[in-house]
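S.K.: Sharing a structure below in structure tokens format, with a few things to ask.
The values are calculated or read from the model by the stated rules, or taken from the named source; none is laboratory data. Worth saying up front: this structure is predicted, and the values here are computed from it rather than measured. A quick note on method: Cβ atoms are made from the backbone with ideal geometry, for glycine too, and the neighbour counts reach across all protein chains shown.
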Amino acid sequence: MLFKKHYNRLLLFCCVFGVLSAILLLPSCTGKTVRSTFADTISLATAPVFMADSAMNSIIRQCAFGARVPGSAAHEACGDWIVQQFQQYGAVVTEQRTQLAGYDGHQLPCRNIMASVNPEAIDRVLISAHWDSRAWADNDREKSNHHTPVLAANDGASGVAVMLEMARVIPQQELDFGVDFVCFDLEDQGVPQWAEEDDDDVFNYWCLGSRHWANEAYATGYSARYAINLDMVGGRGARFQMESFSQQFASPLVNMVWHLAAQLGYGDFFPLRRGGYVTDDHVSVSQFARIPAIDIVPHVSDSHSSFGPTWHTVDDTPENIDPAVLKAVGQTLLQLLYNDNQQ
């Protein structure tokens with residue numbers, strides 16, 4: 001089995017708490033509820049407190065640079081700031097810079113940023129998010145905005161903000177393993193809705209940075225037990241269903257994360273429902289880096305988009321971020337890490 005060596009400890013971790021034996025899944029289709037008798041039985045380790053206000057301030061700081069469209073001055077300046085923040089929190093930062101072809105054939109600068117906590121540890125976990133802003137608000141209700149860059153408070157800055165806050169508080173309580181925070185570039189530069197190009201293979205131009213990173217990671221022998229990708233983890237009304245590629249790549253991890261969230265009191269944000277298939281950076285990590293990965297990504301049914309009303313619009317601004325969503329995601333992930341630390 002392709003991911004067997006990475007799965008072993010994760011499977012043991014889940015089995016210890018009875019997750020696998022306690023869950024009964026309905027057929028795999030979008031929106032189906034997951035029935036479970038598993039409730040309030042996970043032994044919770046002591047974990048640092050995730051401060052939502054700190055994460056919110058990070059989103060505001062990122063957006064203050066402007067839209068972080070690859071190749072722009074705002075993109076370069078914000079990237080420098082992200083590097084400095086991770087370094088300030090004690091992480092060891094490495095960068096991967098290259099040029100990758102966009103949907104129209106033009107070369108786009110790509111800057112992947114990797115911040116490592118406890119870099120000497122062989123045993124590692126990967127947490128990722130993209131940090132670029134989409135160059136076009138092509139899902140905006142107003143066609144006049146379709147060529148306007150997106151400020152990307154939620155679709156970009158929120159995931160980075162959660163990772164930065166985690167990196168800030170982890171030194172308060174030592175982990176036995178290493179954590180790699182990766183900010184992927186060129187996730188959101190796929191074919192715009194108004195373009196004439198045929199986009200039959202949507203993966204060709206979305207998630208370019210993570211695909212490049214994952215291929216390089218595999219070629220150089222990088223490994224992690226599992227990976228969690230964060231995308232749009234701060235929007236008002238966000239609900240995170242159990243994304244279907246994630247179920248294929250790392251079902252035990254999905255089950256643990258969603259049940260931990262419920263036990264921590266965040267079940268409204270993490271309903272036990274099966275979601276659809278989302279082409280996102282976790283697909284690159286699983287398919288090319290050979291690391292079982294899941295995606296925490298919203299599904300909002302009553303909006304202009306299933307990703308929420310601000311997705312790829314000029315309204316993706318800090319005013320539409322809910323700190324309670326950031327808290328639910330960040331605290332759940334910290335709990336996962338520190339529960340894992342006690343095994």
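S.K.: Can you pull out every residue in the range 146-159 that is crowded, with 24+ Cβ neighbours inside 10 Å and either more than 13 Å from the chain's Cα centre (by Cα) or without any contact (Cβ under 8 Å) to a residue 24 or more places away in the chain (or both)?
M.R.: Answer for the range 146-159, where residues must be crowded, with 24+ Cβ neighbours inside 10 Å and either more than 13 Å from the chain's Cα centre (by Cα) or without any contact (Cβ under 8 Å) to a residue 24 or more places away in the chain (or both): Val150, Leu151, Ala152, Ala153.
S.K.: Let me ask something additional. What about Asp316, is it over 15 Å from Ala161 (Cβ atoms) and among the charged types (D, E, K, R)?
M.R.: no
Yes/no per residue for (1) in a loop (DSSP other than H, G, I, E, B); (2) modelled with pLDDT under 95; (3) out of contact with any His (no Cβ under 8 Å at 6 or more places or on another chain); (4) closer than 15 Å to Thr279 by Cα:
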site: Met166; (1), (2), (3), (4): no, no, yes, no
site: Asp188; (1), (2), (3), (4): yes, no, no, yes
site: Gln193; (1), (2), (3), (4): yes, yes, no, no
site: Phe203; (1), (2), (3), (4): no, yes, yes, yes
site: Arg211; (1), (2), (3), (4): no, no, yes, yes
site: Asn215; (1), (2), (3), (4): no, no, yes, no
site: Tyr218; (1), (2), (3), (4): no, no, yes, no
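S.K.: Still on this structure: Which one is surrounded by the fewest Cβ atoms within 10 Å (Cβ to Cβ) among residues in the range 70-124 that are small (Gly, Ala, Ser) and within 20 Å of Asn204 (Cβ to Cβ)?
M.R.: Gly105
S.K.: Scan the range 55-67 and report the pairs whose first residue is more than 20 Å from Leu186 (Cα to Cα) and whose second residue is assigned to a helix (DSSP H, G or I), with Cβ atoms within less than 6 Å and a gap of 6+ or a chain change.
M.R.: Ala55/Ala161; Ala55/Val162; Ala55/Glu165; Ala55/Leu326; Met56/Pro323; Ser58/Ala161; Ser58/Leu164; Ile60/Pro318
S.K.: Filter the range 229-240 down to residues that are crowded, with 24+ Cβ neighbours inside 10 Å and touching a strand residue (DSSP E or B) at 6+ places or on another chain (Cβ under 8 Å) and give me whichever is nearest to Asp268 (Cα to Cα).
M.R.: Applying the filter and picking the extreme gives Phe240.
S.K.: Conditions first: (1) within 21 Å of Asp132 (Cα to Cα); (2) assigned to a helix (DSSP H, G or I); (3) not aromatic (Phe, Trp, Tyr). Val233 passes all but one, so which condition is the exception?
M.R.: Every condition holds for Val233 apart from (2).
S.K.: Return yes or no: is Val254 closer than 28 Å to Asp104 by Cα, β-branched (Val, Ile, Thr) and either assigned to a helix (DSSP H, G or I) or at pLDDT 95 or above (or both)?
M.R.: Against the criterion (closer than 28 Å to Asp104 by Cα, β-branched (Val, Ile, Thr) and either assigned to a helix (DSSP H, G or I) or at pLDDT 95 or above (or both)), Val254 does not qualify.
S.K.: Can you report the number of residues in the range 292-343 which are polar (S, T, N, Q) and assigned to a loop (DSSP other than H, G, I, E, B)?
M.R.: The total comes to 9.
S.K.: Let me ask something else. Within the range 160-181, is even one residue surrounded by 15 or more Cβ atoms within 10 Å (Cβ to Cβ), farther than 25 Å from Pro48 by Cβ and touching a Ser or Thr at 6+ places or on another chain (Cβ under 6 Å)?
M.R.: No, because not a single residue in the range 160-181 is surrounded by 15 or more Cβ atoms within 10 Å (Cβ to Cβ), farther than 25 Å from Pro48 by Cβ and touching a Ser or Thr at 6+ places or on another chain (Cβ under 6 Å).
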